[in-house]
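The values are calculated or read from the model by the stated rules, or taken from the named source; none is laboratory data. Everything numeric here is computed off the predicted structure, so don't read it as measured data. Here the Cβ positions follow ideal geometry from the backbone for every residue, glycine too, while neighbour counts run over all protein chains shown.
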Amino acid sequence: MAGQPGRFGGPGVGSSPAPMAGQPGRFGGPANPPAAAGAGANAGPGDGDASAVDGSDRTGNTPISANPAAVDILTGTGAIGRFFGLKDESGIRLGGLWVGDASGVVAGGRHPGDWGLNSLTVFDLSFDTKKMGGWKGGLFGTQFLQFSGQPTNQLAGAFPGFDSLEVVPPLVRQELYQLWYRQSLWDDRLVFRIGKLVPTYDFNNVVRPVPVQDSAAAIPAVSGLIYTPIFVNPTMLGKIPGYYNSATGITTTLAPTKNSYLSYGVYDGNLARGRQTGLEGPHFNGYYFHIGEAGFSYRVGAEKKPGNFGIGLWGQTGMLKAFNNAMVHGANGMYFFGAQRLWFQRPGRDNSGVSGFYQFGANNSNTMHARQFFGGGFTGFGLVPGRPDDSMGCGLAWTWLNNDPNAARLFFPDSTAKTLPLSPSQLMMSAYYQMKLFPGCFFQPNLTYIPTPGMHQSIPSALAVTFRLVVLF
């Protein structure tokens, strides 16, 4: 029932009100909306019930992340499975998404006037063991990813990137993105998932909301920003596996109380050696990525505005080469993040209003391009009359970069210059409007200004525009 809190976090910063049962969406909305995330560890980062493992809305009717493949364990609405006759009671779910965008540098940057095109397709298949064979709490999942893109972020000289779809070469790839088994135990107080995983789903994920059943307090998605720092903290870039370089490992989440969680994961850490772990099988050779996170949710004030907070530590093992060519033992860092409902436009009636978020990260390693990071922003939901499912937002990402005189050589591999320093820092500001064209389909224009592009201190400020289309199926 609305207003009845789940075990994890009560009505939290995220999830979304489901449409009325029996009203299928025009494109991909199920006839009966999925249940809200379950209790305990199910509702912790990266987990939930089989129908909505991350606590996200699966109807395609509410604002979403600008790149669901970077934040959602299950993707799409399951419409393609229903098209082929797969019913919910069968325990088999087939869904997916397509994201395409065009980004151009209007002024400044490395290549003013040039455009980059990117296309991402993900197919998602999962099997609920309880529905298929009576085994409670089990779920198998797998995803196939296809990406075709261009070096879009180089056009602006941006590091971290202003367009999160394009990450690292090769920019045309097909891969087994995920293959995992998930098991919940002890009334969902403990959940583990093992296999080929995307750790950024579970750790430092400021975008995905905390599961909630109180639709009047819900925030459908913490932000729809498209730049890279909203999906992965820049101080972990190049070490933590994620989109689109997943890795083999295990994630465990414990929910000791209804408002708190503890998570720990260990994964193949060969991304730190430059290996494309998304395209390769596992390597067990002393390079591992460890990460732990603790978090809680809360409600404050007379209107019981929801919020959440998480803090984590990470470590990379193995011998790594610093930018001065010295070999160092591993790398370590920390981060924290949070989100808070700031204003209800119509308290108790719907979830329209404004929320905010914040991020921070730091590391101790000269092997990292980014050393410290701070970010934050605001998101408005349902503020335009007659457009209750639209959202808008703005954000700021400020990254302090490595001051080694050769830290930028990765971005200029053909340069013969004796030194290639990064900018001291990169400040990036972005704003967007996300409109629902019809259930399961969202169009989003974005404007990004980068006063100090990070790839090199000589690159002039850049103004970039992006047009993105997201289709869930």
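When we screen Val465, Val471 for residues that are surrounded by fewer than 16 Cβ atoms within 10 Å (Cβ to Cβ) and among the aliphatic types (A, V, I, L, M), the only hit is Val465.
Starting from residues that are surrounded by fewer than 21 Cβ atoms within 10 Å (Cβ to Cβ) and of a type in the set (A, V, I, L, M), keep the ones in the range 125-144 and report whichever is farthest from Leu74 (Cα to Cα). Please lay out each step first, then the result.
Just the residues of the range 125-144 that are surrounded by fewer than 21 Cβ atoms within 10 Å (Cβ to Cβ), to begin with: 125, 127, 129-138, 140, 142, 144.
So of that shortlist, the ones also of a type in the set (A, V, I, L, M) come out as 125, 132.
On the way: Leu125: 8, Met132: 18 Å.
So the residue we want is Met132.
Among the residues making up the range 218-274, a single one is modelled with pLDDT of 95 or more, part of a loop (DSSP other than H, G, I, E, B) and more than 18 Å from the chain's Cα centre (by Cα): Gly269.
Let's see how each residue does on (1) aliphatic (A, V, I, L, M); (2) at pLDDT below 95; (3) out of contact with any Ser or Thr (no Cβ under 7 Å at 6 or more places or on another chain):
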residue: Leu139; (1), (2), (3): yes, no, no
residue: Asn153; (1), (2), (3): no, no, yes
residue: Ser184; (1), (2), (3): no, no, yes
residue: Val207; (1), (2), (3): yes, yes, no
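Within the range 129-155, the set of residues being assigned to a loop (DSSP other than H, G, I, E, B) and either of a type outside the set (D, E, K, R) or within 30 Å of Leu463 (Cα to Cα) (or both) comprises Gly134, Trp135, Gly137, Gly149, Gln150, Pro151.
Looking at the range 286-328, which of the residues that are part of a loop (DSSP other than H, G, I, E, B) and touching a residue at least 40 places away in the same chain (Cβ under 8 Å) is surrounded by the most Cβ atoms within 10 Å (Cβ to Cβ)?
Taking the range 286-328 and keeping what is part of a loop (DSSP other than H, G, I, E, B), we get 286-287, 301-304, 322-326.
When the remaining residues are screened for being touching a residue at least 40 places away in the same chain (Cβ under 8 Å), the result is 303-304, 322-324, 326.
Working: Glu303: 14, Lys304: 16, Ala322: 17, Phe323: 21, Asn324: 11, Ala326: 10.
Among them, the one singled out is Phe323.
The residue list Asn366, Asn351, Asn332 contains one member that is in contact (Cβ under 8 Å) with a residue 60 or more places away in the chain and among the polar types (S, T, N, Q), which is Asn351.
Looking only at the range 161-194, filter to residues that are among the β-branched types (Val, Ile, Thr) and either out of contact with any strand residue (DSSP E or B) (no Cβ under 9 Å at 6 or more places or on another chain) or in a loop (DSSP other than H, G, I, E, B) (or both); which one of those is surrounded by the fewest Cβ atoms within 10 Å (Cβ to Cβ)? Spell out how you get there, then give the answer.
First pass over the range 161-194, keeping only residues among the β-branched types (Val, Ile, Thr): 167-168, 172, 191, 194.
Subset that is either out of contact with any strand residue (DSSP E or B) (no Cβ under 9 Å at 6 or more places or on another chain) or in a loop (DSSP other than H, G, I, E, B) (or both): 167-168.
Working: Val167: 21, Val168: 16.
Here the residue is Val168.
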